[in-house]
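Undergrad: Starting off with a structure, shown below.
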Amino acid sequence: MILNIPPGSGWDRTPLSYAAEKAGLVLEGTLVLCEDESEAVLKAGDSFQFNGMRPHSLQNRSATICRTLWIINQNLARPPI
């Protein structure tokens, strides 16, 4: 999916945590991705991947929109092809 995160917003109050593998690519703007106690500032062209069981949140602290391609794989029980 494509997430359009307006300036000054995001999901930062209660970190998410559930069985899924997550990945993405920042298409435009800046994304702050928090995972456990670490924080990464990602810009257009940066990609990411992490285990969704780790508490995580995201924020757009900039003055412009952030567009991110967001990929979630919740079918972790199926063996790889």
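The values are calculated or read from the model by the stated rules, or taken from the named source; none is laboratory data. Predicted model, so just to flag it, every value in this text is computed and none were measured. Glycine also receives a Cβ, built like all others from the backbone with ideal geometry; neighbour counts cover every protein chain displayed.
Undergrad: Scanning for something among the polar types (S, T, N, Q), out of contact with any Ser or Thr (no Cβ under 8 Å at 6 or more places or on another chain) and modelled with pLDDT of 95 or more, does the range 42-51 turn up at least one residue?
TA: Scanning the range 42-51 turns up at least one residue that is among the polar types (S, T, N, Q), out of contact with any Ser or Thr (no Cβ under 8 Å at 6 or more places or on another chain) and modelled with pLDDT of 95 or more.
Undergrad: Restricting the range 41-68 to residues that are in a loop (DSSP other than H, G, I, E, B) and among the hydrophobic types (A, V, I, L, M, F, W, C), which is surrounded by the fewest Cβ atoms within 10 Å (Cβ to Cβ)?
TA: Ala63
Undergrad: Name every residue in the range 27-40 that is closer than 14 Å to Gly10 by Cα and assigned to a loop (DSSP other than H, G, I, E, B), in order of residue number.
TA: Within the range 27-40, just Gly29 meets the criteria.
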